[in-house]
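Reviewing the structure listed below.
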Amino acid sequence: MQTILAFILVFGLIVFFHELGHFIFAKRAGILVREFAIGMGPKIFGMTKGETIYTIRLLPLGGYVRMAGDDFDRIELQPGYRVGLILNNEEKVEKIYLNQNVQNPNVLFMEVERADLTKKLWIEGYDEEERLVRFDVSRNAIIVENGEETLIAPYDRTFEAKSLWNRTLTIFAGPLFNFLLAFAIFLLLGIFQGVPTNEPIVTEVVDNSPAAVAGMQAGDYVKSINGKPINEWADLTSYVQNSAGKELSVIVKRNEELVELNIVPDTVKLENGEEVGQIGVMYKSPFVKNPFKAVVYGFQQTWEYTMLILQALVHLIAGHFTLDDLAGPVGIYQVTGEVAKHGFFTLMYWTAVLSINLGIMNLLPLPALDGGRLMFFGIEALRGKPVDRQKEGMVHFVGIVLLMILMIAVTWNDIQRLFFQ
């Protein structure tokens, strides 16, 4: 249960902020947003507010913001359709009934001849007396089909009608909000947990180790090695690892006094055959609570993890990976459960890292991802006109199929590792 709740929290937070970026910038551009969904598949919860329905769906495989003008969002009234119309006080159509019997004395029935529900907003057809009539359609008209209501979308409120700049911002905002979420989490961790100082203070000395033999004690603050100043714990480990078997003159601060210790690091052979030095000390970074340092820490951690993930991505693209290097929802679920055992702060740290990962992955110029759509916008900017919608749609469809195949393979591999190893 702890793992399930932790996964729902982590997954929900990351996907919510990603889709929130799309949603905010779509609304800012004046695009009609039909649905804000967390998850995929069957709807398990829905709430309508304004012109948008907010849903939670069964499968934790992402989310989406469905905007007017997207594929499968076309509302067309074909000639021969029999519809029922409700007019407002201005004699404009405010409700159109399709495929159902309507028991309302104010309904005007019509057999559609022609209609334009996107640009000029009108509908024309034959009434019950077989007269050809025409009505203007309200910009806020609703189509009712099988009991479900759908707001029509005038062309100026569709995604495709917006400027290239607004469309680009709307798509880019999803990954951007993932980076902002990561920064916000690191910032809050810095405020409430504190910022790790990384000071070279020894937390524990291993018995019978070179450090113990030389007289090093827990709490010693390492000031220098062989005359070289040590500012961070990373400086200490780097110097020691590169000095296997060599005597080191280590100056430590202990009880406001400077003490000199002579330590000879042991030589340890790693799995890759590399030999490094080791003196047998352990370290746990102390934390300091400082709002300014928390802001710096937020930026620093976001930047460092972005660079680490990009390096791993380059390594992956170069072909130096196997399927075991990738993880799908099952693998993330398993790791999240392990991370959750170490407390809420650690779980939030993991959430921030995953959010950066999602942001970077979505910016890759691959079909069906945000980066793929941004790539087509770049082509549009160079050509001066958009790529044919059908051709672009086909590219994205192929991309979705390939991504689903990869997702299935990765998920199956995760399941094998979880249950059969």
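Of all the residues in the range 345-375, those that are under 21 Å from PHE397 (Cα atoms), open to solvent by 30 Å² or more (accessible area, probe 1.4 Å), touching a residue at least 24 places away in the same chain (Cβ under 8 Å) and not in a loop (DSSP other than H, G, I, E, B) number 3. Scanning the range 14-41 for residues that are more than 25 Å from LEU354 (Cβ to Cβ) and either in a loop (DSSP other than H, G, I, E, B) or open to solvent by 30 Å² or more (accessible area, probe 1.4 Å) (or both) returns LYS27, ARG28, ALA29, GLY30, ILE31, LEU32. The single condition among (1) more than 28 Å from GLU204 (Cα to Cα); (2) open to solvent by less than 40 Å² (accessible area, probe 1.4 Å) that PRO291 does not satisfy is (2). Filtering ALA115, ALA141 for residues that are at pLDDT below 95, closer than 26 Å to ALA29 by Cβ, touching a strand residue (DSSP E or B) at 6+ places or on another chain (Cβ under 6 Å) and surrounded by 14 or more Cβ atoms within 10 Å (Cβ to Cβ) leaves a single hit, ALA141. If you go through the range 91-112 and pick out every residue that is open to solvent by 30 Å² or more (accessible area, probe 1.4 Å) and more than 21 Å from TYR155 (Cβ to Cβ), you end up with 12. Applying the set (1) in contact (Cβ under 8 Å) with a residue 40 or more places away in the chain; (2) open to solvent by 60 Å² or more (accessible area, probe 1.4 Å); (3) within 43 Å of the chain's Cα centre (by Cα) to TRP233 leaves exactly one unmet item: (2). Where strands (runs of 3 or more DSSP E) fall wholly inside the range 130-241, the ranges with 3 or more residues that are touching an Asp or Glu at 6+ places or on another chain (Cβ under 9 Å) are 132-145, 221-225. Here TYR54 meets each of (1) closer than 24 Å to LEU403 by Cβ; (2) part of a strand (DSSP E or B) with one exception, condition (1). If you go through the range 169-197 and pick out every residue that is touching a His at 6+ places or on another chain (Cβ under 7 Å), of a type in the set (Gly, Ala, Ser) and either closer than 10 Å to ALA352 by Cβ or open to solvent by 10 Å² or more (accessible area, probe 1.4 Å) (or both), you end up with 0. Residues in the range 249-284 that are without any contact (Cβ under 8 Å) to a residue 24 or more places away in the chain, within 20 Å of TYR221 (Cβ to Cβ) and not polar (S, T, N, Q): GLU256, GLU257, GLU260.
Within the range 55-90, the set of residues being open to solvent by 20 Å² or more (accessible area, probe 1.4 Å) and hydroxyl-bearing (Ser, Thr, Tyr) comprises TYR64, TYR81. Which count do you get for residues in the range 382-392 that are of a type outside the set (Asp, Glu) and surrounded by 13 or more Cβ atoms within 10 Å (Cβ to Cβ)? Summing the residues that are of a type outside the set (Asp, Glu) and surrounded by 13 or more Cβ atoms within 10 Å (Cβ to Cβ) in the range 382-392 gives 2.
The values are calculated or read from the model by the stated rules, or taken from the named source; none is laboratory data. Owing to the predicted nature of the structure, the values given are computational and were not obtained by experimental measurement. Note: ideal-geometry Cβ built from the backbone for every residue, glycine included; neighbour counts use all protein chains shown. Heads up: the accessible areas ignore ligands, DNA and RNA and are worked out on the full protein's heavy atoms, side chains in. Shrake-Rupley method; radii C 1.70, N 1.55, O 1.52, S 1.80 Å.
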